[in-house]
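Below: one structure, written as structure tokens.
What follows is calculated from the coordinates using simple rules that are stated; it is not laboratory data. Model, not experiment: these values are computed from the prediction. So basically every Cβ, Gly included, is an ideal-geometry build from the backbone, and we count neighbours across all protein chains shown.
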Amino acid sequence: MSTNRRKFIRNISLGAGAVATAPSLANAFGAATDEQIARSKDFEKSKQRFNMCGYAAPKLDVVRVGVIGLGMRGGDAVGRLSYIDGLEITALCDKYPDRVTAAQKTLEKRGRPKAKEYSGEEGWKALCESKDVDLIYTPTPWSLHAPIAIHAMKNGKHAATEVNAGLTIDECWQLVETSEATKKHMMMLENCCYDFFELLTLNMARNGLFGELIHAEGAYLHDLSKGWLFNKKAYADMWRLKENYKHNGNLYPTHGLGPISQCLNINRGDKMDYMTSMSTNDFTLNNLAKEMAAKDDFFAEFVDKPYRGNLNTTVIRTNKGKTMMLQHDVSTLRPYSRIHLLSGTKGIAQKYPDPERIAFGHAWVKKEELDALYEKYTPPIVKHIGSIAKEVGGHGGMDFIMDWRLIDCLRNGLPLDQDVYDAAAWSCILPLSGASIAKKSSSVEIPDFTRGAWKTNKPIDLTLDGGGNTGVRK
Ligand SMILES: NC(=O)c1ccc[n+]([C@@H]2O[C@H](COP(=O)([O-])OP(=O)(O)OC[C@H]3O[C@@H](n4cnc5c(N)ncnc54)[C@H](O)[C@@H]3O)[C@@H](O)[C@H]2O)c1
């Protein structure tokens, strides 16, 4: 074992507290450093401790959930989760106690028992260490995702964390190592994998309708600048605006990458091999900071920060010779898009811009043919829970499909649809895009977090076999 890797393992074995407070090894712009990339290669050469892909944990009759981070996303999550039978929210935590109180009110309104309360900067540690929780569900700012998931697993809990799962290559490996060592699930809550067109096209790809897929595209193109990033009432302590000058590159790769990775069987038959990334300069964020600061001193500290470039484009090549294109832009005016394009030898699908389209020749199929494809290829999960999910809501229903499926798998002892290798591989694009940009878009290798198991891992199960019996409250 190299000294590099040995030192790293010693650091993580010091305990979760040490992990949580360890200084990030990434450089000022959050890009993966040469040292991290070298350490990552050492990890790849070592043997996988245990394969978490396809792993089924012992069944839990009732899943006791602790939610950490009760802001915009966490508040909604408490509402959605409280519809699911066989689930109890036993603990709630936020830095700010009034957010815990608000979430308790949601539970009360839904006729659910009161949860134990945690608050303060480090209240999450006590929650992870408590005895009455099986699953920690984390919609906090990004920097806390990996530390909380690692502490949760080390304390015997499954971890479900919002996107991105980790901000550095080291964090991604820590997640993998901890999940394998503890045999606890680590799922990144990539809800876009559960959207209706994404699931339809995944099932169509599985059934060979597009022939062999050769190229796919995904994105997060969503103007968050004025309404969100620079809105004092949106993200707590302005955390998300601050992330926009701590990193350069694709800050939010997983919404676009998750669904197309599942279609291409990434980590389950193919693997992302290497990538190259390019960003524009920033043409809007600093101007907006100046404009806001001229009206309100509060924004003065955000002027002349080293904002990341507005539009990032990353191109990935897989081991089997396919390509993927990812884009990220949350700071120029444009309609929302995640692209979701799948191109194969026999057909093509594209979700954005509206309307969703599929073609098997020179023209897009007509609406009646698209309806017929929906009829035939909508996978069982959507047939089972899709209309209820639309009623409960959460990005049109996909959030609830994801929550329900996670709990149903844990209750029935089924493998989860997304494992720690997906979380690590999809998240590592953030620091690697920074590394590529820093070297004039040189290509960088994408770590094999499965350490070779991708060659034999099975694609995700699109049936509800062995599960599907978790009820939903009126
Ligand atoms: N998957 C999706 O579609 C989707 C949508 C929105 C947000 N998100 C993700 O959800 C997460 C939360 O985003 P948000 O929009 O709710 O932001 P937010 O700022 O509204 O919420 C974050 C919450 O975390 C709390 N927090 C901060 N530090 C904490 C600490 N030390 N301990 C406990 N709580 C702490 C904050 O007080 C706040 O209540 C982010 O990772 C974001 O990327 C995902």
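Key figures for this structure:
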item: Segment 86-184: GluC sites (Glu not before Pro) falling in loop per DSSP and having at most 15 other Cβ within 10 Å; result: 121, 122
item: Cross-link partners of residue 390 among lysines (Cα-Cα below 17 Å; sequence separation of 8 or more within a chain); result: 474
item: Pairwise label distance in nanometres, residue 360 with residue 108, each label 7 Å out on the Cα-Cβ vector; result: 5.7
item: Three semi-axes of the equivalent ellipsoid, the chain, Cα gyration tensor, whole Å, largest first; result: 29, 28, 25
item: From phi via Karplus (6.51, -1.76, 1.60), per-residue ³J(HN,Hα) for segment 150-161 in Hz, x at Gly/Pro; result: 5, 5, 4, 5, 5, 9, x, 10, 6, 10, 10, 10
item: Equivalent ellipsoid semi-axes, segment 231-335, via Cα gyration tensor eigenvalues times 5, rooted, Å; result: 34, 14, 10
item: Exposure proxy ranking, count of Cβ atoms within 10 Å, fewest first, for 409, 128; result: 409, 128
item: Linear extension gain, residue 304 paired with residue 59, 0.36 nm per residue minus alpha-carbon span; result: 83.0 nm
item: Label-to-label distance, nm, for residues given as residue 472 and residue 456 (7 Å Cα→Cβ offset); result: 3.8
item: Sparse-neighbour loop sites [trypsin sites (Lys or Arg not before Pro); segment 214-318; at most 16 other C-beta within 10 Å; DSSP]; result: 232, 233
item: Relative contact order (%) - criterion: Cα under 8 Å, at least six apart; region: the chain; result: 22
item: Rg to Rh, two decimals, where segment 407-474 supplies the alpha carbon set and Rh follows Kirkwood; result: 1.17
item: Residue 212 versus residue 287: modelled label distance in nm, points set 7 Å from Cα along the beta carbon direction; result: 4.6
item: Cα-based reach from residue 322 at 21 Å (exclusive), listing lysines while leaving out same-chain residues under 8 positions away; result: 271, 346, 351, 455, 458
item: Per DSSP, loop GluC sites (Glu not before Pro) in segment 193-276 with at most 15 further Cβ within 10 Å; result: 212
item: Using a Förster distance of 35 Å, the FRET efficiency for residue 236-residue 391 (Cβ separation, nearest 0.05); result: 0.75
item: Cross-link reach list, lysines versus residue 184, counting only Cα pairs under 18 Å and skipping chain neighbours closer than eight places; result: 59, 125, 131, 154, 157
